[in-house]
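Chemist: Here you go, one structure.
No lab work stands behind these numbers, since they all come straight from the coordinates. The model shown is predicted, which means the values in this text are computed figures rather than measured ones. All Cβ positions, even for glycine, are placed from backbone atoms using ideal geometry, and neighbour counts span all protein chains on display.
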Amino acid sequence: MTRTLRIIGIGAGDPRQVTLQALDAMAGVDAFFVLDKGAEKDSLVAVRRQICDEHLGVGAYRVVEIADPPRDRQPVDYDAEVLRWHDARAQRISAALRTELPEGGVGAILVWGDPALYDSTLRIAEAIAAGGEVALALQVIPGVTSASALTAAHGISANRIGEPITITTGRRLADTPPGADTNQIVMLDADCTFRRTADPDDHIWWGAYLGMDHEILIAGTVAQVGEQIAERRARARAEHGWIMDIYLLRKRR
Ligand SMILES: C[S@@+](CC[C@H](N)C(=O)[O-])C[C@H]1O[C@@H](n2cnc3c(N)ncnc32)[C@H](O)[C@@H]1O
């Protein structure tokens, strides 16, 4: 019999971003599968627990923790290493689904932001379903992405009238072709890469820990606030032990 796996977007940090659809999906779950990513991500695991405690009741849900396989952060071949790591994750999740979820049962993975954006859970779940070791029906529930949390926090639109928007990562920022760089939303950038790629009069709207108690927002031209963002980011990371930040870069007209 088929097991069901729900991939549920839970928003980008503010527990009030959990949608009614996500709550409906969480209600009938037999086990929540959590990849334990170590101390750095403890706060993020805590937000997930807080959401479950609040909406399902303390102790009224089952959590299965899966140790995240080790990952090489400085690989020679980035894409090959990510594929290898995803495969190792898929094997661990597949084994946990078989042993911890009865046939016909419903499992769930709570995903940060929206599952479709820079998150491997959906790809891994599709690989498990295609692999055939466990018969799996996938259900995906969208979530409020950090890109929306950023633009809302600054009270801005992601684009001016009719303009395109590129969503990319710090690692790929330098590869954005001219014309696609009018409005760029950049995730996963530990190096403040905009300092190397942007023009001084590009505008940047930056946000860290969006929706959380220690949210930080800075906006201005890159010339005005670029160094301030890098310095503030380093300080906040040292203070909290981890950071999640995102920014919108916009070309001047
Ligand atoms: C692995 S990606 C996941 C993105 C997620 N699926 C989404 O829709 O927001 C992690 C990146 O999302 C961004 N991010 C997620 N939550 C954030 C938050 N609360 N504040 C700032 N950036 C955040 C950061 O750029 C972080 O490096």
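Chemist: Starting with the fewest neighbours, write out Thr197, Thr121 ranked by other beta-carbon atoms found within 10 Å of each beta-carbon. Please report the intermediate quantities before stating the final value.
Modeler: Working: Thr197 17, Thr121 22.
Starting with the residue having the fewest Cβ neighbours, the order is Thr197, Thr121.
Chemist: Report the extension gain between Thr169 and Ala238 in nm, rounded to one decimal, defined as 0.36 nm multiplied by the number of residues separating them, less their alpha carbon distance.
Modeler: On the way: separation 69, 0.36 × 69 = 24.84 nm, distance 2.21 nm.
The span from Thr169 to Ala238 would gain 22.6 nm if fully extended.
Chemist: Between segment 172-241 and segment 75-109, what's the alpha-carbon centroid distance in Å?
Modeler: Spelled out, the Cα-based centre of one part sits 32 Å from the other.
Chemist: Give the peptides 219-231, 9-21 in descending order of average Cβ contacts within 10 Å, highest first. Can you show the working numbers first?
Modeler: Working: 219-231: 15.6, 9-21: 18.9.
Listed from highest to lowest mean packing, they are 9-21, 219-231.
Chemist: Apply the Karplus curve 6.51 cos²θ - 1.76 cosθ + 1.60, θ = phi - 60°, to the phi angles in segment 214-221 and return the couplings in whole Hz, x for Gly and Pro.
Modeler: Per-residue couplings from phi come out as 9, 3, 10, 10, 9, 9, x, 6 Hz.
Chemist: Roughly how tilted is helix 78-100, in degrees to the nearest 10 and between 0 and 90, from the longest Cα axis of the chain?
Modeler: Roughly 30 degrees between the two axes.
Chemist: Still on this structure, I have one more. Using only C-alpha positions, report the orientation-averaged shadow area of the convex hull of the chain, nm², one decimal. List each step's numbers first, then the result.
Modeler: On the way: hull surface 58.1 nm².
Its average projected convex-hull area is 14.5 nm².
Chemist: Quick one: what are the phi-derived ³J(HN,Hα) couplings along segment 111-119, Karplus 6.51/-1.76/1.60 with θ = phi - 60°, whole Hz, x for glycine and proline?
Modeler: For segment 111-119, the Karplus-derived couplings read 10, 5, x, 9, x, 7, 10, 6, 9 Hz, x marking Gly and Pro.
Chemist: For labels at Leu217 and Ala190 in the simple 7 Å Cα→Cβ model, what's the distance in nm?
Modeler: 2.8
Chemist: Here is a further query. How much length is gained on full extension from Asp24 to Ile161, taking 0.36 nm per residue of separation minus their Cα-Cα distance? Intermediate results must be reported in sequence, preceding the final value.
Modeler: On the way: separation 137, 0.36 × 137 = 49.32 nm, distance 3.62 nm.
Between Asp24 and Ile161, full extension yields 45.7 nm more.
Chemist: Something else now. For Gly211, what charge total do you get from the other residues with a beta carbon under 10 Å from its beta carbon, if Lys and Arg give +1 and Asp and Glu give -1? Could the numbers behind the result be given before it?
Modeler: Numbers: positive: Arg16; negative: Asp14, Asp213, Glu215.
Taking every Cβ under 10 Å from that of Gly211, the sum is -2.
Chemist: What angle, in degrees between 0 and 90 and rounded to the nearest 10, separates the Cα long axis of helix 42-56 from the longest principal axis of the Cα atoms of the chain?
Modeler: 60
Chemist: When the Karplus curve 6.51 cos²θ - 1.76 cosθ + 1.60 is applied with θ = phi - 60°, which whole-Hz ³J(HN,Hα) does each residue of segment 236-253 get, with x for Gly and Pro?
Modeler: 5, 5, 5, 5, 9, x, 7, 8, 10, 9, 8, 8, 10, 10, 10, 6, 6, 7
Chemist: While we're on this one: Largest first, please: the extent of the C-alpha atoms of segment 3-141 along each principal axis, to the nearest Å.
Modeler: Cα spread of segment 3-141 along its principal axes, largest to smallest: 45, 33, 24 Å.
Chemist: Relative to the longest principal Cα axis of the chain, at what angle does helix 121-131 sit, 0 to 90 degrees, rounded to 10?
Modeler: Relative to the chain, helix 121-131 is tipped by roughly 40 degrees.
Chemist: Out of residues 5 or more away from Thr169 or on other chains, whose amide H comes under 5 Å of its own, with H placed 1.01 Å from N in the peptide plane?
Modeler: Met187
Chemist: Whose amide H sits under 5 Å from the amide H of Val140, counting only residues 5 or more places off or on another chain, with H placed in the peptide plane?
Modeler: The list, which skips near neighbours in sequence, is Ile7.
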